[in-house]
Amino acid sequence: MMDRQKGRWTLAAFPILLFAQCTPVPPGEATNLEPTAFHFVDVAAAAGMTRVLHAGRPGKDHLLDSAGTGAAWLDYDRDGHLDAYLVNGWKLAGNVVLEKGSNALYRNRGDGTFEDVTELAGVGGEGAWGSGVAVADYDDDGWVDILVTNFGANVLYRNRGDGTFENVAREAGVEAVGWNTGASFFDADADGHLDLYIAAYIEATLDDVVGAERTLDWKGVDSVAFGPFGLTGALDHFFLSNGDGTFRDATDRAGMRDRARGYGFGTRAADFDADGDLDLYVANDSDANYLYRNEGGGKFKETGLWSGAAFDANGAAQAGMGVAVGDVNRDLVPDLFVTNFAEDFSTLYIGEGRGFFRDASDDSAIGAATFLPLSWGTVLSDLDNDGDDDLVIANGHIYPQVDDHPRFGMTYVQRNQVFANLGNGHFKEVSDQAGPGFALARSSRGVAAGDYDNDGDVDLLITSLDEPPALLRNDSSLRSWLSVVCRVPAGQGGVIGTRVEIEVGGRRMSRDVSSGGSFLSAHDPRLHFGLGSADHVDRVTVHWLDGTTSIETGVRGNRFLVIDKRP
Amino acid sequence: MKKTLLVAICFLVLTAIPAQAQMNDTETPRPLVDAYDSLADTILAAKKTEWNLVHSILASTYGHAEAVMNSAMTKLEAAGDASADVEKLAALVAQMGNEGDASIAAVRKRLLEGGHHHNAKGEEQGIYDEGFVIVTRASKKVFLDSATRIGKLGSSASKDALTGEWDTVKKEFRKLHAGTPLGM
């Protein structure tokens with residue numbers, strides 16, 4: 001079937017038509033070829049995602065007014081369709097609070113539209129000024145839960161499994177009042193229970209926010225919101241699970257004390273040194289980024305300064321916002337991408353193995369193209385199913401005042417960017433050719449990637465200041481794909497950090513199940529692989545966190561493959 | 001605290017100025033000038049003290065690194081496992097590049113929050129990172145690059161490779177050591 005209005009094939013007809021149209025191009029052999037066409041269309045309004053995400057005052061007098069909020073994909077009702085969660089801020093006029101924006105949970109009807117079930121589910125955000133979101137089955141009861149980080153007390157929505165949630169943040173011990181930002185669940189001490197890292201930005205009170213005045217001189221031509229320099233960095237938190245649905249603060253004990261008081265934003269757990277346990281990366285605004293290497297037993301060592309992942313190639317601290325992890329050069333070693341402030345490039349750190357990185361922003365052709373925009377949420381994912389990780393960046397300035405000074409070449413609303421991987425870790429910006437979805441100009445922040453319509457391509461959910469979200473449906477001309485769904489029995493540490501490696505025509509690709517990443521957002525936990533024109537995968541190997549593996553061979557493509565960990 | 005002290009000094013000085021002296025002269029009263037001059041000594045001395053302190057931090061880190069380097073070499077000569085020392089050396093060299101560890105960075109940030117830039121002019125010229133006192137951007141890069149290379153040596157470190165990197169560190173440190181505080 002084809003929806004002629006949308007020009008889009010449904011899942012049922014997809015594989016047959018795909019094979020009829022493609023010429024054989026094995027994944028990973030696209031080096032230096034022109035990228036496949038990218039085409040994205042914003043269907044948020046038509047799909048029913050209309051909630052405006054508030055962001056303080058129009059003038060953005062305080063940094064909280066312009067930090068924005070995150071988005072998440074999750075399947076809270078386990079019906080096989082990704083639902084969406086969006087975090088909201090407050091709307092202010094001067095020092096008056098006009099509206100405490102409600103977060104939104106959109107249930108996926110399975111037909112490309114969503115139903116707002118926020119009130120029914122009880123996940124509106126408790127009136128807090130929201131920041132980020134992380135999703136995980138923290139209590140291991142088989143239902144995915146939602147952590148909302150806030151300016152104020154965090155909210156932990158426990159999924160009751162009947163379509164409703166309850167806030168258990170206080171009982172769980174994770175309220176951590178402050179300006180909380182990025183968060184990642186992961187099993188840090190390999191005890192079978194998910195632990196939690198929450199980054200924090202600056203120390204500020206509500207009085208500071210509502211009473212803020214723009215006092216920072218911007219290029220000698222205007223006054224803009226003050227900070228973060230001049231403001232005290234807030235301490236990040238690491239919570240160790242007690243195994244009973246509660247947590248205890250173990251920041252110091254774990255060696256994760258935020259001694260530099262970094263202005264923390266994006267976080268991402270992954271096994272960067274391939275030693276079988278999960279490490280953690282934290283992007284800090286205007287400070288050295290942290291790389292916490294897992295030493296085992298719930299202890300970490302901060303190795304950012306000498307691993308090559310704290311600074312850019314010149315040794316300069318950048319204004320880290322969002323984080324993406326992928327394998328851009330297909331060497332099976334995780335690479336890092338960190339978005340940064342305007343007039344500074346975003347940084348691609350190529351993994352060199354054993355937890356070391358090198359700044360390849362210039363070599364990859366990303367550096368120059370990302371210099372002018374102010375960048376936030378980001379995703380490394382195979383958007384055209386050609387077998388390599390492409391790159392998406394959400395952009396938008398924090399100072400509306402820049403529009404009054406066009407000679408500096410910056411605008412408050414900015415277009416988001418998409419870069420095609422040319423197959424060897426080199427990228428080509430294709431934003432202009434990526435359809436109307438990438439022609440939108442907003443002040444965007446969070447990006448969550450997920451195949452919400454289960455049609456075998458990765459769609460994008462993007463938040464923007466004072467706007468409804470954008471839902472960029474991926475209508476790119478597609479090749480073959482495989483999406484791997486990993487499932488772990490209760491009490492075995494969950495699925496986060498599980499790594500899947502596939503082998504297609506002698507080439508291997510790797511993905512891991514993430515928590516955190518992007519900017520304040522959470523991606524589809526299913527692992528998406530582009531296969532080129534291959535119709536099957538020779539081998540799928542799942543590396544579970546406990547060191548065991550599951551292997552499947554001769555796997556047919558163009559489908560969701562569920563792999564359960566043996567108890 | 002400082003503000004209160006300054007106000008108290010000014011009050012005492014002003015009350016000590018004879019009314020006649022104030023009436024006959026448009027110049028700033030001498031006692032005020034003297035007080036300000038004295039305060040200037042304190043301010044400038046504080047800057048010098050800051051330089052000395054940061055220099056001590058660097059020297060201490062370098063000394064620590066040197067001891068770790070020697071320990072690593074001893075282990076390598078005995079065909080032992082020097083990987084822990086090598087990693088510690090990498091961390092210490094990186095700290096030299098960052099002009100101290102994370103705790104020092106927090107202090108530096110606090111000073112910046114208060115508007116204090118030790119090398120304001122040098123920062124404008126791109127010579128120093130914000131708040132840095134001694135380590136130039138160029139030196140920072142040398143230390144950081146060397147730290148990463150040392151870290152990568154890990155358990156496969158050889159005496160020659162380690163010595164080569166240490167020579168780089170030593171040379172850069174001596175260069176800084178020989179430097180004089182800017183503007184003093």
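Give A:ASN421, A:ASN416, A:ASN385 a once-over and let me know the one that is in contact with a strand residue (DSSP E or B) (Cβ under 8 Å, 6 or more places away or on another chain) and without any contact (Cβ under 8 Å) to a residue 60 or more places away in the chain.
Being in contact with a strand residue (DSSP E or B) (Cβ under 8 Å, 6 or more places away or on another chain) and without any contact (Cβ under 8 Å) to a residue 60 or more places away in the chain holds for just one of A:ASN421, A:ASN416, A:ASN385, which is A:ASN416.
Among the residues of the range A:416-429, write down those that are more than 15 Å from A:GLY367 (Cα to Cα) and crowded, with 19+ Cβ neighbours inside 10 Å.
A:ASN416, A:LEU422, A:GLY423
Testing A:ASN558 on (1) surrounded by fewer than 16 Cβ atoms within 10 Å (Cβ to Cβ); (2) touching a helix residue (DSSP H, G or I) at 6+ places or on another chain (Cβ under 6 Å), one condition comes back false. Which one is that?
(1)
Return the residue satisfying two criteria in turn: it lies in the range B:135-168 and is without any contact (Cβ under 8 Å) to a residue 60 or more places away in the chain and of a type in the set (Val, Ile, Thr), and of such residues it is nearest to B:GLU99 (Cα to Cα).
Result: B:THR136.
So, in the range A:489-513, exactly how many residues are at pLDDT below 95, crowded, with 22+ Cβ neighbours inside 10 Å and more than 20 Å from the chain's Cα centre (by Cα)?
1
For A:GLY227, state whether it is buried (at least 19 other Cβ atoms within 10 Å of the Cβ) and at positive phi.
The answer is yes for A:GLY227.
Residue check: is A:ALA169 among the hydrophobic types (A, V, I, L, M, F, W, C), touching a strand residue (DSSP E or B) at 6+ places or on another chain (Cβ under 7 Å), surrounded by fewer than 24 Cβ atoms within 10 Å (Cβ to Cβ) and modelled with pLDDT of 95 or more?
Spelling it out, A:ALA169 is indeed among the hydrophobic types (A, V, I, L, M, F, W, C), touching a strand residue (DSSP E or B) at 6+ places or on another chain (Cβ under 7 Å), surrounded by fewer than 24 Cβ atoms within 10 Å (Cβ to Cβ) and modelled with pLDDT of 95 or more.
If you take the residues of the range A:309-324 that are touching an Asp or Glu at 6+ places or on another chain (Cβ under 7 Å) and under 30 Å from A:GLY530 (Cα atoms), which of them is farthest from the other protein chains (Cβ to nearest Cβ)?
A:MET321
Would you be able to say whether some residue in the range A:324-347 is touching a His at 6+ places or on another chain (Cβ under 7 Å), surrounded by 23 or more Cβ atoms within 10 Å (Cβ to Cβ) and farther than 27 Å from A:GLY276 by Cβ?
No, because not a single residue in the range A:324-347 is touching a His at 6+ places or on another chain (Cβ under 7 Å), surrounded by 23 or more Cβ atoms within 10 Å (Cβ to Cβ) and farther than 27 Å from A:GLY276 by Cβ.
Yes or no: the range A:391-406 includes at least one residue that is within 17 Å of A:GLY517 (Cβ to Cβ) and either part of a loop (DSSP other than H, G, I, E, B) or without any contact (Cβ under 8 Å) to a residue 12 or more places away in the chain (or both).
No, the range A:391-406 contains no residue that is within 17 Å of A:GLY517 (Cβ to Cβ) and either part of a loop (DSSP other than H, G, I, E, B) or without any contact (Cβ under 8 Å) to a residue 12 or more places away in the chain (or both).
Could you please find all residues in the range A:365-381 being surrounded by fewer than 24 Cβ atoms within 10 Å (Cβ to Cβ), assigned to a loop (DSSP other than H, G, I, E, B) and touching a residue at least 60 places away in the same chain (Cβ under 8 Å)?
A:ALA365 - this is the single residue of the range A:365-381 that is surrounded by fewer than 24 Cβ atoms within 10 Å (Cβ to Cβ), assigned to a loop (DSSP other than H, G, I, E, B) and touching a residue at least 60 places away in the same chain (Cβ under 8 Å).
Within the group A:ALA199, A:ALA190, which residue is part of a loop (DSSP other than H, G, I, E, B) and more than 14 Å from chain B (Cβ to nearest Cβ)?
A:ALA190
When you check B:SER139 against the structure, is it within 21 Å of B:THR168 (Cβ to Cβ), surrounded by fewer than 20 Cβ atoms within 10 Å (Cβ to Cβ) and of a type in the set (S, T, N, Q), yes or no?
no
I'd like to check something: does the range A:181-193 contain any residue that is among the polar types (S, T, N, Q) and modelled with pLDDT under 95?
No, because not a single residue in the range A:181-193 is among the polar types (S, T, N, Q) and modelled with pLDDT under 95.
Have a look at A:LEU278, A:LEU305 and point out the one that is surrounded by 18 or more Cβ atoms within 10 Å (Cβ to Cβ), aliphatic (A, V, I, L, M) and within 14 Å of chain B (Cβ to nearest Cβ).
Unique residue meeting the criteria: A:LEU305.
Filtering the range B:142-172 down to residues that are over 21 Å from B:ALA82 (Cβ atoms) and buried (at least 21 other Cβ atoms within 10 Å of the Cβ), which residue is farthest from the other protein chains (Cβ to nearest Cβ)?
Of everything passing the filter in the range B:142-172, B:GLU172 is farthest from the other protein chains (Cβ to nearest Cβ).
Take the range A:265-275 and flag every residue that is away from chain B (no Cβ under 14 Å) and either surrounded by fewer than 24 Cβ atoms within 10 Å (Cβ to Cβ) or of a type outside the set (A, V, I, L, M, F, W, C) (or both).
Hits for the range A:265-275 are A:GLY266, A:THR267, A:ARG268, A:ASP271.
What are the residues in the range A:315-335 that are among the aliphatic types (A, V, I, L, M) and touching a residue at least 60 places away in the same chain (Cβ under 8 Å), if any?
The answer is A:MET321, A:VAL323, A:ALA324, A:VAL325, A:VAL328, A:LEU332.
State whether the residues of the range B:113-127 include one that is closer than 14 Å to A:LEU305 by Cβ and either free of Cβ contacts under 8 Å to residues at least 24 places away in the same chain or not hydrophobic (A, V, I, L, M, F, W, C) (or both).
No, because not a single residue in the range B:113-127 is closer than 14 Å to A:LEU305 by Cβ and either free of Cβ contacts under 8 Å to residues at least 24 places away in the same chain or not hydrophobic (A, V, I, L, M, F, W, C) (or both).
Considering only the range B:76-107, how many residues are closer than 22 Å to A:PHE229 by Cβ and of a type in the set (A, V, I, L, M)?
5
Within the range A:326-340, which residues are over 21 Å from A:MET256 (Cα atoms) and more than 14 Å from chain B (Cβ to nearest Cβ)?
Hits for the range A:326-340 are A:GLY326, A:ASP327, A:VAL328, A:ASN329, A:ARG330, A:ASP331, A:LEU332, A:PRO334, A:ASP335, A:PHE337, A:THR339, A:ASN340.
Which ones in the range A:90-136 are under 16 Å from A:SER521 (Cα atoms) and in contact (Cβ under 8 Å) with a residue 60 or more places away in the chain?
Of everything in the range A:90-136, those that are under 16 Å from A:SER521 (Cα atoms) and in contact (Cβ under 8 Å) with a residue 60 or more places away in the chain turn out to be A:TRP129, A:GLY130, A:SER131, A:GLY132, A:VAL133, A:ALA134, A:VAL135, A:ALA136.
Looking at the range A:247-261, which of the residues that are more than 19 Å from A:ALA190 (Cβ to Cβ) and in contact (Cβ under 8 Å) with a residue 40 or more places away in the chain is surrounded by the most Cβ atoms within 10 Å (Cβ to Cβ)?
Per the stated criteria, the residue is A:ASP258.
Can you name every residue in the range A:229-264 that is within 14 Å of chain B (Cβ to nearest Cβ) and of a type in the set (Lys, Arg)?
The answer is A:ARG257, A:ARG259, A:ARG261.
Among the numbered criteria (1) over 27 Å from A:ALA269 (Cα atoms); (2) at pLDDT below 95, which one does A:GLY28 miss?
Exception for A:GLY28: condition (1).
Filter the range A:422-466 down to the residues that are in a loop (DSSP other than H, G, I, E, B), closer than 21 Å to A:THR69 by Cβ and out of contact with any helix residue (DSSP H, G or I) (no Cβ under 7 Å at 6 or more places or on another chain) and list them by number.
A:LEU440, A:SER443, A:TYR452, A:ASP466
So which strands (runs of 3 or more DSSP E) stay within the range A:72-171 end to end and still have 2 or more residues that are under 24 Å from A:ASP466 (Cβ atoms) and more than 23 Å from the chain's Cα centre (by Cα)?
Here the list reads A:90-93, A:96-100.
So which helices (runs of 4 or more DSSP H) stay within the range B:81-132 end to end and still have 1 or more residues that are of a type in the set (Gly, Ala, Ser), buried (at least 18 other Cβ atoms within 10 Å of the Cβ) and facing chain A (nearest Cβ under 7 Å)?
Counting at least 1 such residues, we get B:83-97, B:102-113.
The values are calculated or read from the model by the stated rules, or taken from the named source; none is laboratory data. For clarity, every value in this text was computed on a predicted model and none was experimentally measured. Here Cβ is always computed from backbone atoms with ideal geometry, including for glycine, and neighbour counts include all displayed protein chains.
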